[in-house]
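All remarks here apply to the structure that follows.
The values are calculated or read from the model by the stated rules, or taken from the named source; none is laboratory data. These figures come from a predicted structure and were not determined experimentally. Here the Cβ positions follow ideal geometry from the backbone for every residue, glycine too, while neighbour counts run over all protein chains shown. We work out accessible area using only protein heavy atoms, side chains counted, and drop any ligands, DNA or RNA first. Shrake-Rupley method; radii C 1.70, N 1.55, O 1.52, S 1.80 Å.
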Amino acid sequence: QVQLVESGGGLVQPGGSLRLSCVASGNIVAIYAMAWYRQAPGKQRELVASIISDGYPNYADFAKERFTISRDNAKNTAYLEMNSLSPEDTAVYYCNAAVQTGPIYSSRPYWGQGTQVTVSS
């Protein structure tokens, strides 16, 4: 019913930047919140940043001052701009969205398949 597709990942040198995109499609009535998570090999998935419809971004400690989350509500798209990347940022980055798909004011979470970000010298 709802699909999230991430893009923008790849290989980048330490200190470099990447901009990830997440496009939601399907039977979307409203997207209450969008977020980025990441999961490194052997580690649990962790929140990177989140943002609600009116803005109000929130960041994990490691993302503050380096990453910026934004969204374009008209395009059902979220972005994550990542700067000053280090090898510790290497992970699969996943998009998450709380989506209303029917007339009832409620939502359920949806996940994308992830995009690989590799920071290596």
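Ranked by solvent-accessible area (1.4 Å probe, protein heavy atoms only, all chains present), the residues GLU81, GLU65 order from largest to smallest as GLU65, GLU81. Applying 1/(1 + (r/R0)^6) with r as the Cβ-Cβ distance of LYS64 and VAL5 and R0 = 22 angstrom yields a FRET efficiency of 0.25. Residue by residue, the stretch 39-52 carries 3J(HN,Hα) couplings of 9, 8, x, x, 10, 7, 5, 10, 6, 9, 6, 9, 7, 9 Hz when phi is fed to the Karplus relation 6.51 cos²θ - 1.76 cosθ + 1.60 (θ = phi - 60°); x denotes Gly or Pro. Expressed to the nearest 5 percent, the antiparallel share of DSSP beta bridges inside the chain is 95 percent.
Amide H contacts of LEU85: GLY15, GLY16, each under 5 Å away and 5 or more positions distant or on a separate chain (H built 1.01 Å from N in the peptide plane; Pro and chain starts excluded). The stretch 31-56 and the stretch 69-103 have Cα centres lying 7 Å from one another. Rounded to whole numbers, the Karplus 3J(HN,Hα) couplings from phi for the stretch 62-78 are 6, 9, 5, 6, 10, 10, 9, 9, 8, 8, 10, 5, 5, 9, 6, 10, 10 Hz, using 6.51 cos²θ - 1.76 cosθ + 1.60 with θ = phi - 60°, and x at Gly and Pro. The residues packed around ALA60, meaning those with a beta-carbon under 10 Å from its beta-carbon, carry a net charge of 0 if Lys and Arg are +1 and Asp and Glu are -1.
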